[in-house]
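Just below is one structure, and these are the notes that go with it.
Each reported figure results from applying straightforward, stated rules to the coordinates on display, with no laboratory input. Fair warning: this is a prediction, and the values are worked out from it, not measured in the lab. Quick reminder, even Gly has a Cβ in these numbers, built from the backbone with ideal geometry, and neighbours come from all protein chains shown.
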Amino acid sequence: MCSYMDVGAITALWNRTARSTETRTYHCTEAGAAACLSGTLVPAAMTTPNPKALTAQDLPKLLENDNRIKLAGLDVDGILRGKVISKKKFLSVAEAGFGFCSVIFGWDMHDKTYMRELKISNAENGYRDILAIPDLSTFRRIPWENNIPFFLISFVDPETKKPICACPRGLLREQLERLRSNGYGAMAGAEYEFYTFKTPDSSKSPAAFLLQNPHDQLPSLTEGMFGYSLSRPVHNKDYYYEIFDSCVNFACNIEGWHTESGPGVFEAALEFDEAAEMADRASLFKYVVKSVGAQHGIIPCFMAKPKQGLPGNSGHVHVSLVDKDGKNLLARDTPDENAQWKDIAHLSDLGRHFLAGILVGLPDIMPLFAPNINSYKRLVENFWAPVTVSWGLEHRAASIRLLSPPTSKPSATRFEVRVPGADTNPHFVMAAIIGCGWRGVEQKLEIPCPPLALGQDVGGDADMGERLAKGLKEATERFMRKDSIARQVFGDDFVDHFGGTRENEARLYDEAVTDWEMKRYIETV
């Protein structure tokens, strides 16, 4: 579970003092919470004493004892794609950027080019280079790789110098800029669940084992259902604590870390922060878990539903809006005695419109919250997963759980968006929440359905919300409609590109002959 900070804690976050060269911290004294709104949260704890943003001029001193740098950007599936380059090369491209093959936006997660070629990268344009721009504010060192320096990159068009439509970091920044231009900022938290599997001792690596053996022969790291267990982590304590410590040292801090209900299942709540920073950390968290796991012969699995009949892996996101002083703008100063529903008595008008925007947009942006075939196996009844456009105060099965007084402090008022699974691209998820929410504010949308009361089931008789798509093909068709809210929020270029990638995924599944089909029909028909 993800906890939220009050205004004082947010201020402390922005004024936190430096701790170590491996830990990112932030200074924002005179600017205060305006860092969130200007997008200038800056690294303070590096090898330079300068508390302001790292510049290219700082790099020679910062990297004086290094000879190589690791860089990575994100593709549409949220997978880090990158390389190691020499320090000399990095210093020469730190400001202007460097060419990066656009094929990472022209192929799928298994490096197979899309059946229908898309605009950004295709055979006709020769899978041309796009421009990769290092984001110096993302500097950290990778503790399990001899502290090699690491930077995230963003992708821009080499001619226009504008972010390409499918760059996850660029898409999120575009939505956040809409907030900032109106004097608002977004704060966020994220929670990830994942299964873990242990390869037999005879196998050198999980990948090598899977090449030679069926995936169902991988044993779970632990057995049975034992959420919040103190004893289960002791069985694999080196792995368990190395995950936590590596995240701290990689500036990807975990707030809470525990076993979840399911064989070999863990859950991490990442530290609450500004939305763009939170999305970066969420992507890097998976990198930490997979890297550390590989050293222990462990496969972490973030797919939405790895096991039939067991809970899936969620990727819940908590979001709130703040002003330049860090004040939570979702909370009302005094309760609304005339509220349509008592659930929103403590929710501001801004918050109501923002909630309405997410709810109204939800059916049209489902591929961003459930991007894979397997995603929809998680979104079924009776597994604490949402299946409709629904919301409720402290309702843990609705699409959106409202946290506000009287069950939480006003300063911790927020929305927990519970539809996304752990298989999502966190930048796309954040962009969709903020983009749809802000559309609700701009259009002063009204909440489209009544809240679910505690004890009322999602999808039950009391649930008045629209049923969400039951599969990727259905979700993608709605996402790509000419009048879809997704097009209004993100524009045609992004919807056509990402929608095309999801059409490709659905087609691959349609053409696949599954184990289930063979077992059911090989002899009987």
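Listing 192, 184, 228 from the residue with the fewest other Cβ atoms within 10 Å to the one with the most, what is the order?
So the ranking, lowest neighbour count to highest, is 228, 184, 192.
Over all directions, how big on average is the projection of the convex hull of the alpha-carbon atoms in the range 128-220, in square nanometres?
Averaging across all directions leaves 10.7 nm² for the Cα convex hull.
Is the shape of the range 453-525 best called rounded, prolate or oblate, per the rule: a/c under 1.5 gives rounded, else a/b larger than b/c gives prolate, else oblate, with a ≥ b ≥ c the square roots of the Cα gyration tensor eigenvalues?
oblate
Among the aspartates and glutamates, select those whose C-alpha is under 15 Å from the C-alpha of residue 89, and discard any that sit fewer than 8 residues away in the same chain.
Counting by Cα, and skipping residues close in sequence, residue 89 has these aspartates and glutamates nearby: 64, 66.
What is the fewest-to-most order of 342, 237, 87 by other Cβ atoms lying within 10 Å of their Cβ?
Fewest to most other Cβ atoms nearby, the residues stand as 237, 342, 87.
Over the range 372-525, what is the relative contact order in whole percent, taking alpha-carbon pairs under 8 Å and six or more residues apart? Working shown, then result.
Numbers: 176 pairs, mean separation 35.6, N = 154.
Normalised by residue count, the contact order of the range 372-525 is 23 percent.
Could you give the length gained by full extension between residue 456 and residue 53, i.e. 0.36 nm per residue of separation minus their alpha carbon distance, to one decimal place?
Details: separation 403, 0.36 × 403 = 145.08 nm, distance 4.93 nm.
Contour length minus the Cα-Cα distance gives 140.1 nm.
So how do 430, 187 line up by other beta-carbon neighbours within 10 Å, fewest first?
The fewest-first ordering by Cβ neighbours comes to 187, 430.
If the reach is capped at under 23 angstrom between alpha carbons, list the lysines near residue 519, excluding any in the same chain fewer than eight residues apart.
Result set, ordered by chain and number: 305, 307, 377.
Output ³J(HN,Hα) for the range 377-394: one whole-Hz value per residue in order, computed from phi by the Karplus curve 6.51 cos²θ - 1.76 cosθ + 1.60 with θ = phi - 60°, and x for Gly and Pro.
6, 7, 7, 10, 5, 6, 10, 6, 10, x, 10, 9, 6, 8, 7, x, 5, 6
Using the Cα centre as the reference, give the magnitude of the dipole from point charges on the C-beta atoms of the range 122-172 (Lys, Arg: +1; Asp, Glu: -1; all else neutral), rounded to the nearest 20 debye.
220
Report, in whole Å, the centroid distance computed from the Cα atoms of the range 110-143 and the range 147-175.
10
Over 27 Å between C-alpha atoms is what I'm after, so list which of 161/473; 286/324; 61/83; 83/161 land there.
Over 27 Å apart, Cα to Cα: 161/473; 286/324.
Which one of 426, 85, 195 is farthest out on the positive end of the charge dipole of the chain, using unit charges on Cβ (Lys, Arg +1; Asp, Glu -1) and the Cα centre as origin?
Result: 85.
What is the extension gain from residue 228 to residue 522, computed as 0.36 nm multiplied by their sequence separation minus the C-alpha to C-alpha distance, in nm to one decimal?
In short, 101.6 nm is gained.
Would you tally the net charge around residue 396, using a Cβ to Cβ cut-off of less than 9 Å, leaving residue 396 out, and scoring K and R as +1, D and E as -1?
Net charge around residue 396: 0.
For a paramagnetic label modelled at 7 Å from the Cα of residue 515 toward its Cβ, which residues of the range 254-272 fall within the zone defined by backbone nitrogen distances under 19 Å?
Within reach of a label on residue 515: 263-265.
Would you list which lysines come within 29 Å of residue 327, measuring only between C-alpha atoms, while excluding same-chain residues fewer than 8 positions from it?
Output for residue 327: 52, 342, 409, 444.
In debye, nearest 20: dipole of the chain around its Cα centre with unit charges on the Cβ of K, R (+) and D, E (-)?
Magnitude of the dipole: close to 920 debye.
Please list, short to long, the whole-number percent of alpha-carbon pairs of the range 84-147 in consecutive 10 angstrom bins beginning at zero.
Answer for the range 84-147: a P(r) of 19, 35, 32, 14, 0 percent.
Under a 5 Å amide H to amide H cut-off, with H placed in plane at 1.01 Å, what residues pair with residue 315 once short-range neighbours are removed?
Under 5 Å from the amide H of residue 315: 421, 422.
Calculate one ³J(HN,Hα) per residue across the range 97-113 by plugging θ = phi - 60° into the Karplus curve 6.51 cos²θ - 1.76 cosθ + 1.60, and present them in order as whole Hz with x for glycine and proline.
After applying 6.51 cos²θ - 1.76 cosθ + 1.60, I find x, 8, x, 9, 4, 6, 4, 5, 9, x, 9, 8, 5, 10, 6, 9, 4 Hz.
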